[in-house]
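Here the structure is laid out as structure tokens; the discussion comes afterwards.
The values are calculated or read from the model by the stated rules, or taken from the named source; none is laboratory data. Since the model is a prediction, treat every value here as computed from it, not as a measurement. Heads up, the Cβs are rebuilt from the backbone with ideal geometry, glycines too, and the neighbour counts pull from every protein chain shown. Surface areas here come from the heavy atoms of the whole protein model, side chains and all, with no ligands, DNA or RNA. Shrake-Rupley method; radii C 1.70, N 1.55, O 1.52, S 1.80 Å.
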Amino acid sequence: MAVLMYVFWVVLNGRITWEIAWIGVAVVALAMFFLCACCEWSLKKEWGLYRCVPRMIAYSGVMLWEILKANLALAKVVYHERPEPIVRTVHTKLKTRLGRLILANSITLTPGTITLSLRGDEIKIHCLTPEMAEGLDHTVFEKRLEKIEEALHG
């Protein structure tokens, strides 16, 4: 968070000088003090966020790969087969609300599947074919998000 705030400070200033750099350090330090005092933020959470950056980048790569694979599968269904839509309900092991929300949105971003509802740990998904519904029980998205949650929350 502190690094992002500092980068934002530099971008808003449009140039970097020693004076702007040191004032930015002071402003970010005050903002971090405020976050720790008033918003239940801690340096432990800050460090956990930095540790998760490589995992988040890896998740983005997995997401792009799964979108590519789903595009090819969807093209095959559209041009050579007949779609047989199915609605499937799956339960997730993710603990945080944000993790479940990211999982639901990742499923929606993958062609051929749309998240219809998210209630607690239950996700209702519309799939274009039964084959697309087969691998939804414990997806690669969920496995990666579990690792990110573990790093953030211990």
Quiz item: How much accessible surface area, in Å² rounded to 10, belongs to the heavy atoms of Leu74 with a 1.4 Å probe?
Solution: 40
Exercise. Could you tell me what percent of the accessible area of segment 2-117 is made up of carbon and sulfur, with a 1.4 Å probe and every protein chain present?
Key: 71
Quiz prompt | Separation in nanometres of the label points that stand 7 Å from Cα toward Cβ, at Trp41 and Leu12 | solution = 1.3
Self-check item: Cα-centred dipole magnitude for the chain, charges only on beta-carbon of K, R (+1) and D, E (-1), debye, nearest 20
Solution: 120
Exercise. Using a 10 angstrom cutoff on alpha carbons, build the Gaussian network for the chain and name the most mobile of Ile57, Ile125, Ile114.
Key: Ile57
Practice problem: Working with all protein chains in place, sort Ile102, Ile67, Ile148 by solvent-accessible area computed with a 1.4 Å probe, largest first. | Solution: Ile102, Ile67, Ile148
Practice problem: Note down the accessible area of Val77, probe 1.4 Å, to the nearest 10 Å². | Solution: 10
Exercise. Identify, among Asn105, Val62, Cys36, the residue whose Cα sits farthest towards the positive end of the charge dipole of the chain, taking +1 on the Cβ of Lys and Arg and -1 on the Cβ of Asp and Glu, with the dipole about the Cα centre.
Key: Cys36
Quiz item: By how many nm would the segment from Ala2 to Glu134 grow when fully extended, if each residue of separation counts as 0.36 nm and the alpha-carbon distance is taken off?
Solution: 43.3 nm
Practice problem: Could you state how much accessible area Met5 has, in square angstrom rounded to the nearest 10, with a 1.4 Å probe and all protein chains kept in place? | Solution: 50
Practice problem: Could you provide, to the nearest whole Å², the per residue accessible area of the chain with probe 1.4 Å? | Solution: 68
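Give the ranking of Lys93, Lys124 by solvent-accessible surface, highest area first, calculated with a 1.4 Å probe.
Largest accessible area first, the residues go Lys93, Lys124.
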